[in-house]
Amino acid sequence: MTKEFTFNSDIAIAYEANTRTSIPTYDMLFVMIQSYYRVQFGEKAASLLVIGAGGGNELSAWGPSNPKWTFTGVDPSKEMLEIAKNKTVQLGLESRVRLIHGTIDDLPLPDSKFDAASCILVLHFIDDDQEKLKLLGTIKDHLKPGAPFVLVSAYGDPDGAELQDRLNVWKSFWVDAGHESSKMDEMVNRGIMKISFLPENHIEQLLEESGFTNITRFYSTGIMAGWICHAE
Ligand SMILES: C[S@@+](CC[C@H](N)C(=O)[O-])C[C@H]1O[C@@H](n2cnc3c(N)ncnc32)[C@H](O)[C@@H]1O
């Protein structure tokens, strides 16, 4: 993960509010992904692998309304995982949620592979392309053939005018939420531009190289986009 974005306790607490400013359709994203999974699973029970489960929003969005789904969440941030654990307890989901402190490399060898996976707002915190590829490839190796996978990440060519236009929209989200417009350039230069932006076709190429097929962009808002695909 980039050093600037270690999810320590201050960041973990601010995360809930800030993420909804940064991504105004954040909650709807989870509703859309739930619909996508439901179409895949029907009434069947399903095991989901949640990469970057810190904060617990995947668990609270999908757990209560899908009683046949079980979740394995992985996250290297103790503080973020603590929030996920508290949500799990508050929602009475303990029997269907397993939380692992670490990365996907710390996932014990499974008895069986997962029915689905998500990696929401994680990939852009990994700087190196080979590391991104390794993460996506390992997710794929943990999935049953044909299993659905959802990736949501920042996207865009950092040197391109197209991303600059979207960054202006992103700044406007923050100003509309009551933040000072004079602080926005600093937030971009010292903050958001430190994450790892990749052009859309590059992200799709990484998914393809990792063994995913039927790659389709289904979501975009401000600086983020989401792709659905299937494990080979
Ligand atoms: C912006 S939060 C997103 C959390 C959650 N997926 C959501 O959408 O609310 C990013 C999370 O990814 C975690 N993370 C960073 N690098 C990771 C990695 N290599 N594997 C799994 N999680 C990682 C961070 O600790 C943090 O909790």
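Descriptive notes on the structure:
- Whole-Hz Karplus values for segment 44-54 come out as 6, 5, 8, 9, 10, 9, 10, 8, x, 7, x Hz, taken residue by residue from phi with 6.51 cos²θ - 1.76 cosθ + 1.60 and θ = phi - 60°; glycine and proline positions read x.
- Sum of side-chain charges, residue 25 neighbourhood, beta-carbon under 15 Å (Lys, Arg +1; Asp, Glu -1): +1
- Over 22 Å (Cα to Cα) - which of 78/140; 44/113; 44/144 fall in this group: 78/140
- Listed residues 148, 177, 160: farthest to the positive end of the dipole of the chain (Cβ charges): 148
- The P(r) of segment 10-231 has a tail past 21 Å containing 55 percent of all C-alpha pairs.
- For segment 118-183, average projected area of the Cα convex hull in nm²: 6.3
- Unsatisfied cross-links (Cα-Cα over 22 Å) in the set 87/194; 171/194; 87/134: 87/194; 87/134
- Residues considered: 154, 61, 117. Largest GNM mean-square fluctuation over the chain, using C-alpha springs under 10 Å, is found at 61.
- Put the Cα centre of segment 207-232 next to the Cα centre of segment 54-90 and the gap is 23 Å.
- Protection proxy ranking, peptides 145-153, 122-130, average beta carbon neighbours within 10 Å, highest first: 145-153, 122-130
- With the charge dipole of segment 10-231 set up from +1 on Lys and Arg Cβ and -1 on Asp and Glu Cβ about the Cα centre, the Cα lying farthest toward the positive end among the listed residues 57, 222, 205 is that of 57.
- The local environment of residue 79, defined by Cβ-Cβ distances under 14 Å, has a net charge of -1 under the rule Lys, Arg +1 and Asp, Glu -1.
- Farthest toward positive dipole pole in the chain [+1 Lys/Arg, -1 Asp/Glu at C-beta], among 102, 66, 196: 66
- Between residue 129 and residue 200, the contour length at 0.36 nm per residue exceeds the Cα-Cα span by 24.2 nm.
- Given charges at beta-carbon only (K, R positive; D, E negative), |dipole| of segment 105-225 in Debye: 300
- Taking every alpha-carbon pair under 8 Å whose residues sit at least 6 apart, the chain reaches a relative contact order of 21 percent.
- Assuming charge only on the beta carbon of Lys and Arg (+1) and of Asp and Glu (-1), the dipole of the chain about its Cα centre is about 800 debye to the nearest 20.
- Karplus (6.51, -1.76, 1.60) ³J(HN,Hα), θ = phi - 60°, over segment 64-69, in Hz, Gly and Pro reported as x: x, 8, 9, x, 9, 9
- 14 Å Cα-Cα reach of residue 68 towards aspartates and glutamates, excluding residues that sit fewer than 8 places from it in its own chain: 43, 94, 115
- When 140, 44 are compared by accessible area at a 1.4 angstrom probe, the order from most to least is 44, 140.
- The chain: DSSP helices with Cα axial extent of at least 20 Å and average Kyte-Doolittle hydropathy no lower than -1.0: 26-41, 161-176
The values are calculated or read from the model by the stated rules, or taken from the named source; none is laboratory data. For clarity, every value in this text was computed on a predicted model and none was experimentally measured. Every residue, glycine as well, gets a Cβ built from its backbone with ideal geometry; the counts of neighbours run over all protein chains shown. Side chains included, ligands, DNA and RNA excluded: accessible areas come from the protein's heavy atoms. Shrake-Rupley method; radii C 1.70, N 1.55, O 1.52, S 1.80 Å.
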